[in-house]
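Student: Take this structure first; my questions come after.
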Amino acid sequence: MVTRRWLIGLLLALTCSVSAADKAASKPDSAQDLRYGVALFHFFQQSYFNALTELMVGETVNDLPNHGESAELLRGGISLSYGLDNEAERIFNELLATHRSGEQRDVAWFYLAKLKYLRGDNSGARSALEKIAPKFGKKSRQPLNEERKFMHANLLLREGDIAAADAAVEDLDLTSTWLPYYFFNRGVLQTQSGNWQQGVASFDLLQALKLRSEEGKSLRDRALTASGFAYLAGADFARAQSEFQQVRLSSPIVDQALLGYGWAAAQQEDYQLALSPWQALRQRSLMDASVQESLLAVPYAYEKLGAQGNALREYQQSVGLLESELANVAQAIEVFDKAPVAELFEFSQALGDDWLTADDTLPINAQAPYLAHLITRQVFQNNLKELRELYHVSDFLTQGNQRLELVKIVLDERQQTWQRKAEGSQSDELQQRYDQLTDNQRLVEEQIAAATEAEDGLALMNAEELELLGYAQRGLDTASSLQTADEDVNGEIAKLELFKGMLQWQAAEQYVPRIWQLQKQQAENKKLLEETVPALRRLQQIVVDPKQFGFGGRVAGIEVRLAQQQERVDAEIALAEQLLRDDVIAELKRQEKRLYSYLGQAKLAIARLLDVGSTGLASVAADVEGATQ
Amino acid sequence: MFTMSTLRLGFVALLLSLMSLPVAAEVDSPQRPLETQVQDIKQQVLSLNRDLFILEEELLFPTNTQVAVFLSMNVGEFFQLDAVKLTLDNKTVTNYLYTERQVDALHRGGVQRLYMGNVKAGDHELVAVFTGRGPEGRDFRRGTTMTFSKDSEARHLELKIVDSTAKQQPQFSVKEW
């Protein structure tokens, strides 16, 4: 049976990328952000939990710069697949609030329509569908557009407007996934309203389609069986037989078809023909109502054929089978009442987050036939799905605790390393470095300030130049003294003045490159200080706050949340297990009641046959004896 | 005893039971209390996983040492991937065997986070060896090497398997992000 989530998943997969069939013809779009691609990788494996986590991380750390809107749309779609209807609705509404037009908006409206449609909100669904732009049908959105038409048609069917519904799907291709479902729904509606022949005509339309998938074939079997019963109700027994005959023997619905085929034959008083399918039915699981009915139908046919002895033998065998089955049911009730629920089901993680068919999830114990019957029921499936998801969440919480333990170990190790750094020589070195850089910076700044103020470059002279300038100045002073003593030193004074002037000129020439050099040194010092200060502060903070950089607080917060969720999940698991247990036991008790009813009828029939009268009793006894030898 | 009237009732009951089976995309039951609770729990746990994921990335793979290797496949008509062996600075860091489902996810545009680890700043060598089935189903083994430089930023490398229609061969390359 197709599940709702599987269909949504399939649809999303189709709309996110090309299908396997046409992948050779066209290349899929490559992910523009790695994290978006990783989310797709998980999603295509039906690992919705991981896909959603990846998208949420991307959104939080701003790691989806090129896929912002499409990532949000994808998250909405995956949320829907993962059963987070409320979150999906929130995302789509948010997208619609921020987008005035465009394809993203149409897609958001589509999913909102689908959500409302699935919840049975017909007017809400129609209103959302009407907001989708007519040009929505471009090739990349073809699967969505086909489903839009299907939904629209089904809404019209719900309103009873079959002509408008037909018009809504009239341009769907005959190979469309949705067309067989539409014809089936149409047939159901018509049959339920008493129009058997129109219903059959709808089922015929479905049967005329080329359905290659297992799902399609299964739907065809159901349509054939429904048609068969419709013909039976309309007293067209030959056509009913023909419909039942086309149902595959491997079909999950074959029991009902076999029973119907037998009744169609019986209605034409061909009891010999009726016996074949009914006897075949007797070999099948007694959990099916059709099989139970065959336990009375077979002896009924023998009676009609006048083989009273065979009829009696069959009734007696039926009594034996029914009593044995009643014992099995009683045992199953006891098992389901006491055994841990987790042991009664096989929850395969290999299937990803999709819950597929009964075949994939059958338990491997003696109660399997009872569950195979139950699992076809929607309510049971829902309860089972929820329980499985709770187990999955519980597993995650266990793993989450293990992951957090690793984080704590790493954090503690890092903490110790930093502590050693804070308390050891590294801290001293860092402090010395900081002091030295601060002194250097102060000196450079003073030099720059002095040079800028004087604007002659003398403040930026190096030691050698200053020494030479000192020599020149001292020479001039000496020459000046000698001149006062009437010595002729004019030549020497002129030379010394020239020398001093050359030194000053040279300093002025070097002013610009030297001030640039100082400024460069100032910038480098500043950068080094900027690196050193936070490191020093971190070290100082570690001494005060052992769980540095807020990691400690985050770890503690996650630890608390893990514990809270575990407590909540445990409570919900207990509730879900009880619901499932109650559901199974209630169904088994219904089975028990039905079996008792059949048992009563079989016993009455035996009494009636044995009480045929003294005249016929001897021949009946002989028949029975002959039949049992 | 069975009578015609009970038979007719049986037909109708069976027919109605067929009708009551859910068909694709038909109406679900309205949300039940357990369903609402389960939805809320799943949402809370997703947020929890997100926060734990970010914490792990920041603490275990800080950006100044983080290196991550991804794998993508464009079509893959000429190559059916079986395994990838990843060597970083002469040390095998990953030996990954692919399931059919994973290969399909890659074909459809998914990107696999193949490896995440830590390296020091400086130059490093990455070697990836791909094993699988090449054109015409032949055994195929091909390697690609790249040298990359690690600085204070996280380094992300994408191994790309691309079909070369001209050469009718798969091509392997590395893209630095």
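Student: Working carefully through the options A:A472, A:A463, find the one that is small (G, A, S) and touching a helix residue (DSSP H, G or I) at 6+ places or on another chain (Cβ under 6 Å).
Tutor: Checking each option against the conditions leaves just A:A472.
Student: Now for a different question. Among the residues in the stretch A:54-66, are any within 7 Å of chain B (Cβ to nearest Cβ), modelled with pLDDT of 95 or more and surrounded by fewer than 22 Cβ atoms within 10 Å (Cβ to Cβ)?
Tutor: So far as the stretch A:54-66 goes, yes, one or more of its residues are within 7 Å of chain B (Cβ to nearest Cβ), modelled with pLDDT of 95 or more and surrounded by fewer than 22 Cβ atoms within 10 Å (Cβ to Cβ).
Student: I need every pair where a residue in the stretch B:46-64 that is assigned to a helix (DSSP H, G or I) has its Cβ under 8 Å from the Cβ of a residue that is of a type in the set (F, W, Y), sequence separation at least 6 or different chains.
Tutor: Here the result reads B:L46/A:F49; B:N49/A:F49; B:N49/A:F396; B:L55/A:F551; B:E58/A:F551; B:L59/A:F551, each pair linking the stretch B:46-64 to a residue that is of a type in the set (F, W, Y).
Student: Among the numbered criteria (1) part of a helix (DSSP H, G or I); (2) closer than 27 Å to A:R222 by Cβ, which single criterion is violated by A:A108?
Tutor: Exception for A:A108: condition (2).
Student: Go through the stretch A:275-330 and give me each residue that's surrounded by fewer than 17 Cβ atoms within 10 Å (Cβ to Cβ), hydroxyl-bearing (S, T, Y) and in a helix (DSSP H, G or I).
Tutor: Within the stretch A:275-330, A:S276, A:S324 meet the criteria.
Student: Could you please let me know if A:L249 is more than 10 Å from chain B (Cβ to nearest Cβ) and either outside any helix (DSSP H, G or I) or buried (at least 19 other Cβ atoms within 10 Å of the Cβ) (or both)?
Tutor: yes
Student: Follow-up. Please specify each residue of the stretch A:179-191 satisfying the condition of being within 30 Å of the chain's Cα centre (by Cα) and more than 11 Å from A:L209 (Cβ to Cβ).
Tutor: A:N185 - this is the single residue of the stretch A:179-191 that is within 30 Å of the chain's Cα centre (by Cα) and more than 11 Å from A:L209 (Cβ to Cβ).
Student: Which residues, counting only those in the stretch A:389-412, are at the interface with chain B (Cβ under 7 Å from one of its Cβ atoms), under 13 Å from B:E56 (Cβ atoms) and touching a residue at least 24 places away in the same chain (Cβ under 8 Å)?
Tutor: Across the stretch A:389-412, the qualifying residues are A:G400, A:L404, A:V407, A:L411.
Student: For the stretch A:199-216, state whether one or more residues are closer than 21 Å to A:P180 by Cβ, touching a Leu at 6+ places or on another chain (Cβ under 8 Å) and either modelled with pLDDT of 90 or more or within 9 Å of chain B (Cβ to nearest Cβ) (or both).
Tutor: No, that holds for no residue.
Student: Something else now. Failed condition for B:L71, given (1) within 19 Å of the chain's Cα centre (by Cα); (2) in a loop (DSSP other than H, G, I, E, B), with all others met?
Tutor: Going through (1) within 19 Å of the chain's Cα centre (by Cα); (2) in a loop (DSSP other than H, G, I, E, B) one by one, B:L71 breaks only (2).
Student: If I go through the stretch A:571-608 residue by residue, how many of them are small (G, A, S), more than 15 Å from A:P340 (Cβ to Cβ) and free of Cβ contacts under 8 Å to residues at least 40 places away in the same chain?
Tutor: From the stretch A:571-608, those small (G, A, S) are A:571, A:574, A:576, A:586, A:597, A:600, A:602, A:605, A:607; that's our starting set.
Filter again for more than 15 Å from A:P340 (Cβ to Cβ), leaving A:571, A:586, A:597, A:600, A:602, A:605, A:607.
In the following step, the residues that additionally are free of Cβ contacts under 8 Å to residues at least 40 places away in the same chain were identified as A:571, A:586, A:597, A:600, A:607.
Total meeting the criteria: 5.
Every residue, every condition in (1) closer than 20 Å to A:V291 by Cα; (2) surrounded by 17 or more Cβ atoms within 10 Å (Cβ to Cβ), yes or no:
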site: A:Q190; (1), (2): no, yes
site: A:S193; (1), (2): no, no
site: A:G199; (1), (2): no, yes
site: A:L219; (1), (2): no, yes
site: A:R222; (1), (2): yes, yes
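Student: Looking only at the stretch B:74-89, which residues are over 21 Å from the mean Cα position of the chain (by Cα) and of a type in the set (A, V, I, L, M, F, W, C)?
Tutor: Correct list: B:L88 only.
Student: Now, a different point. One residue is enough: does the stretch B:129-150 have a residue meeting the conditions within 13 Å of chain A (Cβ to nearest Cβ), out of contact with any helix residue (DSSP H, G or I) (no Cβ under 8 Å at 6 or more places or on another chain), crowded, with 17+ Cβ neighbours inside 10 Å and within 30 Å of A:K408 (Cα to Cα)?
Tutor: Within the stretch B:129-150, none of the residues are within 13 Å of chain A (Cβ to nearest Cβ), out of contact with any helix residue (DSSP H, G or I) (no Cβ under 8 Å at 6 or more places or on another chain), crowded, with 17+ Cβ neighbours inside 10 Å and within 30 Å of A:K408 (Cα to Cα).
Student: Which residues, counting only those in the stretch A:177-197, are more than 10 Å from chain B (Cβ to nearest Cβ) and under 13 Å from A:A165 (Cβ atoms)?
Tutor: Within the stretch A:177-197, A:L179, A:F183, A:R186, A:Q190 qualify.
Student: So which residues in the stretch A:264-311 are on the phi > 0 side of the Ramachandran plot and either free of Cβ contacts under 8 Å to residues at least 12 places away in the same chain or not acidic (D, E) (or both), if there are any at all?
Tutor: A:G306
Student: For the stretch A:228-244, what are the residues that are away from chain B (no Cβ under 13 Å) and more than 21 Å from A:L295 (Cα to Cα)?
Tutor: A:A238, A:R239, A:S242
Student: Kindly indicate the residue of the stretch B:98-122 that is outside any helix (DSSP H, G or I) and surrounded by fewer than 11 Cβ atoms within 10 Å (Cβ to Cβ) and also nearest to the other protein chains (Cβ to nearest Cβ) among those meeting that condition.
Tutor: B:T99
Student: While we're on this one: Say whether the condition of being of a type outside the set (S, T, Y), closer than 30 Å to B:D40 by Cα and either exposed (fewer than 11 other Cβ atoms within 10 Å of the Cβ) or at pLDDT below 80 (or both) is met by at least one residue in the stretch A:416-427.
Tutor: Restricting attention to the stretch A:416-427, the residues satisfying the condition of being of a type outside the set (S, T, Y) are A:416, A:418-424, A:426.
With the extra rule that they be closer than 30 Å to B:D40 by Cα, the set shrinks to none.
No, every residue in the stretch A:416-427 fails to be of a type outside the set (S, T, Y), closer than 30 Å to B:D40 by Cα and either exposed (fewer than 11 other Cβ atoms within 10 Å of the Cβ) or at pLDDT below 80 (or both).
The values are calculated or read from the model by the stated rules, or taken from the named source; none is laboratory data. Quantities reported herein were computed from a predicted structural model and do not represent experimental measurements. With ideal geometry, Cβ positions are generated from the backbone for all residues, glycine too; neighbour counts draw on all protein chains shown.
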